[in-house]
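Derivation of every value follows stated rules applied to the coordinates shown; laboratory data play no part. Predicted model, so just to flag it, every value in this text is computed and none were measured. Cβ: placed from backbone, ideal geometry, glycine included. Neighbour counts: every protein chain shown.
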Amino acid sequence: MQYAPLVGRILFAAIFIMTGFAHFGDAGNMVGMVPSFLPAPTFFVYLTGAMLLVGGLSVLAGFKAKMGGLILAAFLIPTALLVHAPNAGADQIAMMMMMKDMAMGGAALIIAYFGAGPMSMDAKGSGD
């Protein structure tokens with residue numbers, strides 16, 4: 001069980017790192033997912049890409065993982081509510097995406113509270 005937090009961080013962070021890079025490589029296609037009431041959709045694609053990369057790498061490395069968890073939660077929960085929830089009543093895939101983002105947002109908040117665990121940079125440094 002001593003490796004469980006490390007393996008969990010690797011599995012959890014992988015999607016954010018991959019998706020973060022995709023925000024920069026495929027920004028044109030992602031602009032259409034930004035809610036229409038937000039100005040400058042390209043800016044928000046790049047901003048959220050940076051959030052995903054910073055949060056994902058932070059959690060993966062276990063460096064400032066509590067802050068990384070907060071950054072990821074700050075992306076996931078609004079995304080669930082603003083991007084997926086409006087279509088969740090009529091679209092089963094949107095409902096699943098909303099629930100996935102809410103569940104991952106909950107996991108990110110758990111990391112924000114408890115930290116990265118024993119096999120992390122945080123544990124080696126300040127005893128976080």
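Quick check for me: using +1 on Lys/Arg Cβ and -1 on Asp/Glu Cβ, what's the dipole size of the chain about its Cα centre, in debye to the nearest 20? If you can, show how the numbers build up before the last one.
On the way: 5 positive and 5 negative charges, 54 e Å.
Dipole magnitude for the chain comes out near 260 debye.
For Asn87, put the label point 7 Å out on the Cα→Cβ axis and report which residues of the range 23-47 keep their amide N under 15 Å from it.
Once the point is set 7 Å along Cα→Cβ of Asn87, 29-37 turn out to lie under 15 Å by backbone N, inside the range 23-47.
How big is the gap, in Å, between the Cα center of the range 88-119 and the Cα center of the range 1-64?
Centre-to-centre (Cα) distance: 13 Å.
Check the straight Cα-Cα distances from Lys124 and name the lysines below 28 Å, setting aside those fewer than 8 residues away within the same chain.
Lys64, Lys66
Using just the C-alpha positions of the chain as equal point scatterers, what log10 of I(q)/I(0) does the Debye formula give at each q in 0.16, 0.18 1/Å?
-0.78, -0.93
For a quick protection proxy, order the peptides 44-57, 87-100 by their average other-Cβ count within 10 Å, most packed first.
Numbers: 44-57: 19.6, 87-100: 13.4.
Result, highest mean Cβ count within 10 Å first: 44-57, 87-100.
What value, in deg cm²/dmol to 500, does the helix sum -39500 (n - 2.57) over DSSP H runs of n ≥ 4 give at 222 nm once divided by the residues of the chain?
The helix contribution divided over the chain gives -23500 deg cm²/dmol.
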